[in-house]
Structures are given as C-alpha cells and as structure tokens.
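Below is one structure, written out as structure tokens, with a few remarks after it.
The values are calculated or read from the model by the stated rules, or taken from the named source; none is laboratory data. Nothing here was measured: the structure is a model prediction, and the numbers come from that model. Here the Cβ positions follow ideal geometry from the backbone for every residue, glycine too, while neighbour counts run over all protein chains shown. Note: areas computed on protein heavy atoms with side chains; ligands, DNA, RNA excluded. Shrake-Rupley method; radii C 1.70, N 1.55, O 1.52, S 1.80 Å.
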There are 2 protein chains.
Amino acid sequence: MSQVYADRRVRLRDRCAAAGSTAALVSRPANVRYLAGGSPPGAVLLLGPAEDVLLCPVAPGGDPAQGRLDEDLRLTLLTPGAALGDPAVAAVDEARRAGADSLAVEEHHLTVARHRAMGSVAPKLRLADLAGAVEQLRIVKDEDEIACLRIAAEIADQALGELLESILVGRTERHLALELERRLVDHGADGAAFPTSVGTGPNSGRSGHRPTDRRVEEGDFLSVCLGANYRGYRSEIGRTFVIGTTPADWQIELYDLVFAAQRAGREALAPGAEYRDVDRAARQILDGGGHGEAVEPRIGHGVGLEIDEDPQLAPSAMGKLDACVPVTVEPGVHLPGRGGVRIDDTLVVRQEADGGPELLTITTKELLAL
Amino acid sequence: MSQVYADRRVRLRDRCAAAGSTAALVSRPANVRYLAGGSPPGAVLLLGPAEDVLLCPVAPGGDPAQGRLDEDLRLTLLTPGAALGDPAVAAVDEARRAGADSLAVEEHHLTVARHRAMGSVAPKLRLADLAGAVEQLRIVKDEDEIACLRIAAEIADQALGELLESILVGRTERHLALELERRLVDHGADGAAFPTSVGTGPNSGRSGHRPTDRRVEEGDFLSVCLGANYRGYRSEIGRTFVIGTTPADWQIELYDLVFAAQRAGREALAPGAEYRDVDRAARQILDGGGHGEAVEPRIGHGVGLEIDEDPQLAPSAMGKLDACVPVTVEPGVHLPGRGGVRIDDTLVVRQEADGGPELLTITTKELLAL
C-alpha cells in the first residue's frame, strides 16, 4: 500500500519541478493524508528537495522512531522542538537546510499569519504557490479508493434501510439524525461523513438543514441526507419520503419533478461531459417545472477524502469529467413554509463500455409512504 | 439581548480606531457569532466605517430581508451576488465604497489566497491586521455566557452519570462515545462540544484519544472526556474510572497523583494568577511523582464559543487570569502500553470573596470502581 503514496508524491514532485520549485509543503489535512497515508492532527508534509518528511506537532502515539525513516511509508518522521512549534515553520527551516531555493506552499490553506511566520524563518527561500495541485491529483480515484467509497455507500444504505423499518411519527429530527449516525458506526463506519441532516415538514428538502426538535407528523415530507466515512473516504446519500398512507398531489408532483431532474443529471455523467452540462441537464428540468429560483447553486460535487471536493457540478464550472471520478447528483427543491424534496446519490463516472455511471448508493428512489 | 452584541461591536470599533483603522472585517466564525449573535456558514461581519453589515454567502433561511437593517440585531444583512462570491471580498468592496481607508482583517484566520483576492478588489484600501482582538474580548465572560456554560456542564454531568449506571464491560470505546453523545442531546445540548473521547486499558488517559473498537475489560482504567454545546457555549469534563472490584496498587497510586495535581491546579485559579503558575502548580506534582515526561504541554485552556480558547495554561504562556474567565484544569499521565489517568474540570475564575473558583462540572472525582 505504501507504494501508492510514494507514487503520488512522485507525481506531485514532477508537477512542482515543472513549475520551477524544488520542494513543496503540503498542509491541508486531506492532502497530507492522500500523500502520506495518514494525517496526524497538525501534521505537514515536506516533499524534497532530498527526502520526504512528515512533521508532526507531537510524535504519533508517542512514537520514539522520530527522525528515522519509516520504511513502510518511505517517510522520515520529525517532531519539531518547541522553538519552532508550528510544523510548517519547522518544515521551511528543514527545506532551507536541505538546500531548496524555492518552496511551493498551499496558499489556499495557510493563513496570512502562518505564511508570514514561515517566510521570516528563511528569508532567502522563495515561497511559491502550490495552489490546488494536490486537489487536482485527487479528482480521479484509483480502484482501491473507489472500493472504500463503495463500502462507505453500502454502510449508509444499510443505516438508512434500518431506519425506514422503524416507527418515525413523533420522533424528532435530532433523534433520527443521531440514530442514523449510531447505525453508521454499527455497520463499520469510522464515523459520519458529515453532519447527518434530517428535515421534516417545512424543513424537508433544505440542503444542509441542521436537525431541530421538530417531530415527524402525518403528511410530512421527510428528507434525510447522510454518509459514512470509511477509511477516510466519504459517501453521501439523500432521500425524501412521505409520512402516512397517501401523499398529497403537490407532493407527488414535486417528487416526480425532482426525480426526473436527478435522473437526467445521473444520465449526463460520462467521461468527457462538461461539468456545467451535467448541472444543466438536471437544472433545466427544475426550471421547466417552475422551480428555477428554489434550486441550489450546484447540482453535485466530487467526493473522496473530503465530502466536498472538485469537481463542482455548477453552471459556471469549467472542466470535463473523467472516468473514475466519484460525484454526487443531488438536485432539490425547497418551498418556504411547505417543505420540499431532495434526492442525492453518489456515483462513479465510467465509460459507457464499462456500463456507464456506477451507482454506489442503491437505496430505492421510489416515493415511499412510511 | 441584541444590545449585548451592539456593545461588543462598539468595544471592538474603539480598539480598531485606537490602532488606526476605521473599519474591521471579522471572518472567524466564533468571532462573528460573538459580535453578531449568530454566524450563518461562511458569513463575515464588516464593522463600519458607517453601519455594521453581516455578509452571508446565501440569505439565512431564504430570508428576503437582505439589504435591510435588522432592527433586532442592529445589523444590515447582505448576500453578495455571484460576481463577488466570497463574502469577504464583497465586504472589502463594501468598505471601500463606504469610504474606509484602512480595514483591519483577521490575518490568523484568512488564507493567503483569500487575502490576496480581497486586496485586489480594492488596491487603494490598506489591509491591516486585526490579530486576536476579538479573541481577547472573548476571554472574560459575562454572566449570561457563564450561565450557558453552567448548563453545558450540567448536561455533560448528566450524560456521564447515566453512563456510569449502565453495564460497561464488553462494550467498545466507540459505542460508549456514541451513547454519551446521544445522551448529551437527550439532555438538551445542541450537540457535543467536541468529539467525545473514550479510552480503555492501554488507551486510557491519552489526551484526545479517538475511540476504537477495543472493548472494556475487567481491570481496565476507563477514561472519558466529553462536553456539551449549549447555545454555542462548550463545556468539558474528563474522568477516569477503574473497571472491576479492586483497583491495582499502581492504579491507585497514579490516580492519587493526578488527582493531587488537578486539585493543585484548581486551587491556583484566582484573579491575578499567572497562567504559567497555574500550569506549574499541577505540573510540579506530576514531576515530583516521576511522570514529568508523560505530561501534556499544557494543563488547561479557556472555553467558551470554542472548546479551545485563550488563555492557555502552559509553561511559556504570558498573562494573568481575570475574574469570570472559564478554564479547564486537566492534567493527565499516560504510560505507554499500560494506560493512564486524566481528570478534567471546567471552572470559572472568581474572586476569593465570591467563594473562589466556581466548579461547573460536579461529577465526583473519587476513584470509582465500576
């Protein structure tokens, strides 16, 4: 497994070298994890100019092996002393001593204050911008990463399926969300991929709704959005249900519309498809139904080591999908005061010859009356 | 209640004016909440030069009132258009148009990339550093804030107390942590103040230990650290127990040592006491017991809208405690391979005439054998 991380680092080094930097400092935690196989809190990763070094604020697990090469990870572990407490500052000093003349850093992650402290420890070392180079590498996943996402999606399906078998009326959004999170862990998740959202009645269909003490009532829409974190990889699934025996006409209409939009978005997923065309495929159906104003600024996004990664499936996004890119497709409509519908899947973009988009979250999207 | 926030903003404006800035931009979420009474995701707060403006990426709850003064909050709500998507960039433009010549920003929170985008939208506007001005204001709490902390501590005491009445042997750290978090919400918390830590056997006593699938066994130390978030204010409590009928001698010895250190730390809390003297009071007892090496770099820290605020109770911290400053006192010793003890309370510094330090977390600190 460690070869994977070493290979990723080689690819990043190549990019840096092409951009004129002999060394790079990675500080964003998901990026550190992607390149080093783990990210102890506060750790930063220095690539080159000679060896690769993982600098941690405290030695992981009180590991006495610091300063030595970790053969498995092919990384040297260092715990800077108190004098250079911030590992990023210590890393700059390390790069200077190793003879680097330019160090590419993550300006979209480092604060102004931290960047200044880094600059002052080695005034002659030029700090360049690594920008989103690691995030770009992370977009296309390998099959091991997709396998983790597949398990993460399966866990969320299981948790959701069990919830649907229980009595829902009278329970609060908050309790349903907590129960889902417990079930995620029961089924092997390292935790929730993001705060579980449960919305009932007027709260249903709202993106990122934080669960309240509102109780589920007969006739409500109930919308649920959850995901599992499995070995760092995060899935996302969203479904909307109706509580009671018979949905109202407006509920069926709205559901059918959002379902049609979501299907159009899924069907637009293909290698070579423009991000914004996927967005438009779903959006134009909601627009056609007269709900253009109520639609979120984007229809989906990438998932992986973070729940919200590139690509963005949005009207102004530039770029094209590749095979092996996992994304969400999650259109929704929320009508203030009444509630709404959101349907959300995690899929992997695949060639048509490979069967087209691979659906990871397989819970039914029929409108269930619970 | 809104007067409180307006008063806080006046105090910050006064500080900025004294430092030569006619306007300030607050972006750190806890700081925005402190000054505006709430912090919608991604919102930033612009103070002056004329009115105070809360800029949100999306209108809170689809509120159509944007651009108008919120009478209750005494704030104008703005949702910038897509052209200036980042509210911080829009705020800079707003400050420029309102005639500010200098804008103090939070350089310890803004990333380099974001700061650059802000600079480029108004090149003639000087961006100064607000540094930790809001964090400094937040250190001393008013009685309403302390009342929230008191409830947050009570909730954590209740959740912990219920856990102690249940069967523990055979359950995993992960499940115990989840159950504690559920109980926090049952008792009225908005959520956990931080990820609940449960450590058994060799994992006990480790600061910030992430719960694993290890099961509680007879003879284990079991250490638990949790807290409630109540209206944004966060408590913290940590206790260590022994599983089984009779603790081993080494367990009793270690417990007594940490307990003595924790008591010394609590007793050192007084207005005017140096931060580092509180740290030393506890640390020297652990040192005396031969465990100096195993002790964390600090003995405690402030709590409030964030679980880890100033002041830091650490050997190199500069400053003195004031009355009405809530802090944790949480010494611990972890012996690799064997486990350890951590005892953690949240207290409010009070004058001796007012009865001395006010203990918010009242669960017993006797060594319980469960």
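Distances between placed amide hydrogens fall under 5 Å for B:Gly332 paired with B:Glu296, all partners being 5 or more residues away or on another chain. The A and B chains share an interface that buries close to 1700 Å² of accessible area, total over both sides, probe 1.4 Å.
Normalised by the number of residues in the range B:2-137, the mean separation of alpha-carbon contacts (under 8 Å, six or more apart) gives a relative contact order of 25 percent.
Under 5 Å from the amide H of B:Gly340 lie the amide H atoms of B:Ser204, B:Gly205, B:Leu335, each residue being 5 or more positions distant or on a separate chain, with H modelled from the backbone and absent for Pro and chain starts.
All distinct Cα pairs of the range B:104-226 go into the 1/r average, and the inverse of that average, the Kirkwood radius, is 17.8 Å. When you restrict to C-alpha pairs under 8 Å that are six or more residues apart and normalise by the size of the range B:280-370, the relative contact order lands at 21 percent. Of the accessible area of the range A:2-138, with the probe set at 1.4 angstrom, what percent is carbon plus sulfur? Heavy-atom surface of the range A:2-138 belonging to carbon and sulfur, 1.4 Å probe: 54 percent. Mind checking the angle between helix A:249-267 and chain A's longest principal axis? C-alpha axes, 0 to 90 degrees, to the nearest 10. For helix A:249-267, the angle is close to 40 degrees. Other residues whose C-beta falls under 10 angstrom from the C-beta of B:Glu274 contribute a net charge of +1, scoring Lys and Arg +1 and Asp and Glu -1. Share of pairwise Cα-Cα distances greater than 36 Å in chain B is 32 percent (whole percent). Relative to one another, the C-alpha centroids of the range B:296-370 and the range A:144-208 are positioned 35 Å apart. Comparing the full protein assembly with the isolated chain (1.4 Å probe, heavy atoms, ligands and nucleic acids excluded), the residues of the range B:96-115 losing at least 20 square angstrom of accessible area are B:Glu107, B:His108, B:Thr111, B:Val112, B:Ala113.
Taking other residues whose beta carbon is less than 14 angstrom from the beta carbon of A:Ile362, and scoring Lys, Arg as +1 and Asp, Glu as -1, yields -3.
Measure nothing fancy, just the Cα-based angle from helix A:112-121's long axis to the longest principal axis of chain A, in degrees from 0 to 90, nearest 10. Rounded to the nearest ten degrees, it is 10.
The DSSP beta bridges internal to chain B are antiparallel in roughly 80% of cases. Solvent-accessible area per residue in the protein assembly as shown equals 41 Å², computed with a 1.4 angstrom probe and all protein chains kept.
A straight Cα-to-Cα reach below 21 Å connects B:Lys141 with the lysines B:Lys320, residues fewer than 8 places away in its own chain not being considered.
The alpha carbon gyration tensor of the range B:140-359 gives principal lengths a ≥ b ≥ c with a/c of 1.5 or higher and a/b no greater than b/c, which makes the shape oblate. Assign one of three labels to the range A:312-370, namely rounded, prolate or oblate, based on the Cα gyration tensor with a ≥ b ≥ c the square roots of its eigenvalues; rounded applies when a/c is under 1.5, prolate when it is not and a/b is larger than b/c, and oblate otherwise. It comes out oblate by the Cα gyration axes. Note on the range A:2-138: antiparallel DSSP beta bridges, both residues inside, total approximately 45 percent of the bridges counted.
Quick one: angle between helix A:2-18 and the longest Cα principal axis of chain A, in degrees between 0 and 90, rounded to 10, please. Taking the Cα atoms of chain A, the angle to A:2-18 is about 70 degrees. Computed from the C-beta positions of B:Asp101 and A:Val121, the FRET efficiency with R₀ = 35 Å rounds to 0.60. The relative contact order of chain A comes to 14 percent, based on Cα pairs under 8 Å that sit 6 or more residues apart. Mean residue ellipticity at 222 nm, helices only, chain A: -10500 deg cm²/dmol; runs of at least 4 DSSP H residues each add -39,500 (n - 2.57), and the sum is divided by the number of residues. When nucleic acids and ligands are ignored and a 1.4 Å probe is applied, B:Trp250 ends up with an accessible area of around 80 Å².
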